[in-house]
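What follows is a short report on a single structure.
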């Protein structure tokens with residue numbers, strides 16, 4: 001039988017990263033490859049109490065079908081406390097299966113085959129995976145150490161008037177760890193309005209700031225509904241629950257809700273109640289502080305080790321939050337080659353290639369510091385430096 | 001700002017049913033409208049024990065990211081015990097967020113705009129909602145009391161050689177409650193092979209048989225990978241967990257897994273483990289027997305009340321399982337008019353209109369008997385009969 005797939009599905013291919021990551025399943029390997037939260041920080045004891053409370057107090061309704069929009073209490077709490085400097089009514093929030101689902105729905109709602117969308121260069125590869133299914137054309141905007149270069153963004157919008165949206169991760173971007181300054185955020189909203197283009201503000205890491213003040217979201221400068229905000233509990237609570245959210249204007253959120261209805265009816269009823277009850281019984285801010293404390297130290301250890309062991313002309317940004325450091329090696333080096341050597345010495349990372357929508361650059365790598373202990377981080381960077389040194 | 005949606009999204013509209021169902025939120029209303037499992041049958045006490053066991057025994061991993069394919073134990077159990085007369089290795093099973101997600105992924109994988117797909121007339125409206133996003137053309141196959149008429153199916157395949165797949169609910173179909181006999185199942189697979197067309201066997205109700213022997217699945221007659229089977233725990237356990245599955249041949253399941261990866265990475269890790277642990281600690285067959293016992297009685301009560309109160313020429317099939325009875329009124333009656341009158345007397349159902357892909361018939365209604373008590377079923381059918389009587 002010949003498999004007659006839809007055209008969009010013919011482009012589906014196994015993620016190169018997934019294949020690479022298989023190599024990192026090796027026991028004893030020091031992995032800077034994933035983006036996994038540290039499991040030792042998951043509040044298991046609290047979750048045990050939370051679940052007991054729920055089954056005692058709520059009974060049957062937590063196992064029944066529920067609202068497509070999501071748990072009302074959860075949406076209220078998100079609108080009031082998790083969008084930081086903006087308050088949003090629950091009506092503008094839809095609960096999704098992680099922010100990955102928010103990305104997929106965004107593609108579904110806005111991208112026709114061949115439509116242009118703008119993204120950072122490089123950008124989050126999970127977003128590319130989600131959008132690719134809808135067959136867009138990517139327009140990449142150059143970045144400096146502070147994220148998207150606004151002049152290049154405007155240039156690209158001028159020469160591509162039909163762009164559907166700008167996709168950006170303004171806080172501790174994946175993969176680069178870069179953060180967009182406040183003036184650029186304001187400017188981005190102005191430009192979006194001028195060119196009548198939506199902004200997708202994907203913000204999984206914003207709450208993980210290890211020093212300084214959190215910047216206001218791009219959404220907070222938007223009074224005309226141009227910004228669609230994607231949030232998640234994966235990095236500040238537990239990814240296994242698969243709970244994220246979309247926040248958008250009335251007219252747009254209504255469309256997302258219809259997409260959710262057709263895609264999977266609603267998110268796990270119990271998981272949503274677990275989050276609500278956790279936030280009522282315990283202090284999630286305190287929990288996030290604990291996470292930040294641990295990750296801050298790990299980041300410091302990684303930065304110190306990079307400083308100590310790496311060749312002097314290896315470049316990286318001293319990121320103020322999030323989970324990643326982005327290493328730039330000299331242009332002649334292909335980090336896939338480095339990867340193969342590194343895995344032999346039991347250390348792994350993600351070669352930067354997969355984070356480019358179009359114009360692949362080969363001399364970058366992404367390092368994650370959230371899931372390894374301080375000792376392993378030190379040892380891993382030392383080993384990795386030894387490999388890299390051989391190419392310098 | 002003008003909202004520039006993708007073409008597929010311009011057709012999204014609020015489900016008429018959802019709007020109707022809002023009317024049924026009235027307190028004291030007897031609703032035959034939903035398809036809700038009876039919540040009093042949810043195993044709350046067992047789930048409390050299950051969750052305690054999990055948090056004690058497994059710890060952190062149940063809150064972490066996990067495999068896109070789904071929990072290995074869960075997939076093994078499903079392959080060995082939940083496909084009844086076929087045994088399937090776990091490699092051919094992908095865990096989905098309910099079978100609704102299986103329907104969405106099927107559309108995503110196979111339907112290009114304008115592609116023809118075959119469905120029953122009438123068919124499940126949630127499948128239409130899922131497929132509509134991908135803009136297919138529907139080819140409706142006529143049914144008799146035993147499901148799809150195979151001669152009409154072959155006729156339609158002959159005149160539409162480019163059909164992508166046949167979508168069918170062979171057991172206690174939604175909305176009609178009809179079940180496809182074994183010889184038609186065999187014949188359907190033969191025809192699918194002959195015309196090289198896939199079959200999507202959607203089977204949420206097959207385990208809810210109240211008398212007689214369960215029929216072998218269509219999949220059990222398939223030795224060439226023509227049948228894609230969609231299953232779910234929503235009707236035999238709890239819908240709130242959002243756990244379903246897709247079972248397909250190696251080459252096809254691989255594609256579904258990639259779609260899952262891009263859509264939402266994986267299903268709730270904890271919920272999957274909850275199901276596994278429930279099935280290890282308790283007897284799910286016994287649990288299903290309890291459900292069947294209650295629904296069987298409710299179905300009997302509804303059939304008796306229909307027999308007693310309805311005008312003699314109102315037609316329906318005495319369904320042997322599932323959740324629904326499909327009422328055919330005389331052709332001049334529009335059940336939407338009946339609906340408005342019925343709601344005034346505090347009784348609701350779903351007018352049949354929404355279950356037709358193309359050629360809407362107006363004189364049908366779907367009655368659900370799983371979620372109301374026996375007394376309310378009796379009273380509700382009595383009231384509904386009084387309304388209908390006025391049009392006879």
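The values are calculated or read from the model by the stated rules, or taken from the named source; none is laboratory data. Bear in mind that the values here come from a model prediction, so they are computed numbers and not experimental data. Backbone-built Cβ (ideal geometry, glycine too); neighbour counts: all protein chains shown.
Taking the residues in region A:170-193 that are part of a helix (DSSP H, G or I) and out of contact with any helix residue (DSSP H, G or I) (no Cβ under 8 Å at 6 or more places or on another chain) as candidates, determine which candidate is surrounded by the most Cβ atoms within 10 Å (Cβ to Cβ).
Of all residues in region A:170-193, those part of a helix (DSSP H, G or I) come to A:182-193.
Now drop any that are not out of contact with any helix residue (DSSP H, G or I) (no Cβ under 8 Å at 6 or more places or on another chain), which leaves A:182-183, A:190, A:192-193.
On the way: A:182: 12, A:183: 10, A:190: 14, A:192: 24, A:193: 15.
Here the residue is A:192.
Could you list, in sequence order, the residues of region A:9-33 that are surrounded by 19 or more Cβ atoms within 10 Å (Cβ to Cβ) and either within 9 Å of chain B (Cβ to nearest Cβ) or not in a helix (DSSP H, G or I) (or both)?
Answer for region A:9-33, where residues must be surrounded by 19 or more Cβ atoms within 10 Å (Cβ to Cβ) and either within 9 Å of chain B (Cβ to nearest Cβ) or not in a helix (DSSP H, G or I) (or both): A:9, A:12, A:24, A:30, A:31, A:32, A:33.
Which number in (1) closer than 22 Å to residue A:63 by Cβ; (2) in a helix (DSSP H, G or I); (3) touching a helix residue (DSSP H, G or I) at 6+ places or on another chain (Cβ under 6 Å) marks the one condition that residue B:49 misses?
Result: residue B:49 passes all but (3).
What's the number of the condition residue B:88 fails, among (1) modelled with pLDDT of 95 or more; (2) over 28 Å from residue A:19 (Cα atoms)?
Here residue B:88 meets the rest and fails (2).
Please verify whether residue A:60 is touching a helix residue (DSSP H, G or I) at 6+ places or on another chain (Cβ under 9 Å) and at the interface with chain B (Cβ under 9 Å from one of its Cβ atoms), treating the condition exactly as stated.
yes
Quick test for you: out of A:241, A:270, A:275, pick the one residue that is free of Cβ contacts under 8 Å to residues at least 40 places away in the same chain, within 12 Å of chain B (Cβ to nearest Cβ) and in contact with a helix residue (DSSP H, G or I) (Cβ under 7 Å, 6 or more places away or on another chain).
Result of the check over A:241, A:270, A:275: A:241.
So for region B:278-285 (the condition being part of a loop (DSSP other than H, G, I, E, B) and under 26 Å from residue B:28 (Cβ atoms)), does at least one residue qualify? Write out each step before concluding.
Going through region B:278-285, the residues part of a loop (DSSP other than H, G, I, E, B) turn out to be B:282-283.
Then drop every residue that is not under 26 Å from residue B:28 (Cβ atoms), which leaves none.
The answer is no; no qualifying residue exists.
With respect to residue B:207, determine if the residue is away from chain A (no Cβ under 14 Å) and part of a loop (DSSP other than H, G, I, E, B). First the steps, then the outcome.
Details: away from chain A (no Cβ under 14 Å): yes; part of a loop (DSSP other than H, G, I, E, B): yes.
Yes: the conditions hold for residue B:207.
Being more than 12 Å from chain A (Cβ to nearest Cβ), touching a helix residue (DSSP H, G or I) at 6+ places or on another chain (Cβ under 6 Å) and surrounded by fewer than 22 Cβ atoms within 10 Å (Cβ to Cβ) is the requirement here; does residue B:229 meet it?
Judged against the criteria, residue B:229 is not a match.
Can you tell me which of B:81, B:51, B:76 is within 21 Å of residue B:273 (Cβ to Cβ), out of contact with any strand residue (DSSP E or B) (no Cβ under 7 Å at 6 or more places or on another chain) and at the interface with chain A (Cβ under 8 Å from one of its Cβ atoms)? Give the derivation first.
On the way: B:81 fails: at the interface with chain A (Cβ under 8 Å from one of its Cβ atoms); B:76 fails: at the interface with chain A (Cβ under 8 Å from one of its Cβ atoms).
Going through B:81, B:51, B:76 in turn, the sole match is B:51.
Any residue in region A:119-132 that is free of Cβ contacts under 8 Å to residues at least 24 places away in the same chain and either more than 10 Å from every other protein chain (Cβ to nearest Cβ) or in contact with a strand residue (DSSP E or B) (Cβ under 6 Å, 6 or more places away or on another chain) (or both)?
Checked region A:119-132: no residue is free of Cβ contacts under 8 Å to residues at least 24 places away in the same chain and either more than 10 Å from every other protein chain (Cβ to nearest Cβ) or in contact with a strand residue (DSSP E or B) (Cβ under 6 Å, 6 or more places away or on another chain) (or both).
For region A:259-272, check the following and say yes or no: at least one residue is within 15 Å of the chain's Cα centre (by Cα) and assigned to a loop (DSSP other than H, G, I, E, B).
No, because not a single residue in region A:259-272 is within 15 Å of the chain's Cα centre (by Cα) and assigned to a loop (DSSP other than H, G, I, E, B).
Tell me, yes or no, whether region A:299-312 has at least one residue that is closer than 30 Å to residue A:231 by Cβ, buried (at least 21 other Cβ atoms within 10 Å of the Cβ) and in contact (Cβ under 8 Å) with a residue 24 or more places away in the chain.
Yes, some residue in region A:299-312 is closer than 30 Å to residue A:231 by Cβ, buried (at least 21 other Cβ atoms within 10 Å of the Cβ) and in contact (Cβ under 8 Å) with a residue 24 or more places away in the chain.
Kindly indicate whether residue B:246 is under 17 Å from the mean Cα position of the chain (by Cα), in a strand (DSSP E or B), farther than 14 Å from residue B:188 by Cα and within 14 Å of chain A (Cβ to nearest Cβ).
Yes; evaluated as a whole, the condition is true for this residue.
Restricting attention to region A:342-355, does a residue exist that is free of Cβ contacts under 8 Å to residues at least 40 places away in the same chain, crowded, with 22+ Cβ neighbours inside 10 Å and part of a helix (DSSP H, G or I)?
No: region A:342-355 contains no residue that is free of Cβ contacts under 8 Å to residues at least 40 places away in the same chain, crowded, with 22+ Cβ neighbours inside 10 Å and part of a helix (DSSP H, G or I).
Among the residues of region B:249-267 satisfying the criterion of being at the interface with chain A (Cβ under 9 Å from one of its Cβ atoms) and in contact with a strand residue (DSSP E or B) (Cβ under 6 Å, 6 or more places away or on another chain), which is surrounded by the fewest Cβ atoms within 10 Å (Cβ to Cβ)?
B:257
Go through the residues of region A:283-291 one by one and say whether even a single one is under 30 Å from residue A:335 (Cβ atoms) and more than 14 Å from chain B (Cβ to nearest Cβ).
Step one: list which residues in region A:283-291 are under 30 Å from residue A:335 (Cβ atoms), which gives A:291.
From what's left, more than 14 Å from chain B (Cβ to nearest Cβ): none.
The answer is no; no qualifying residue exists.
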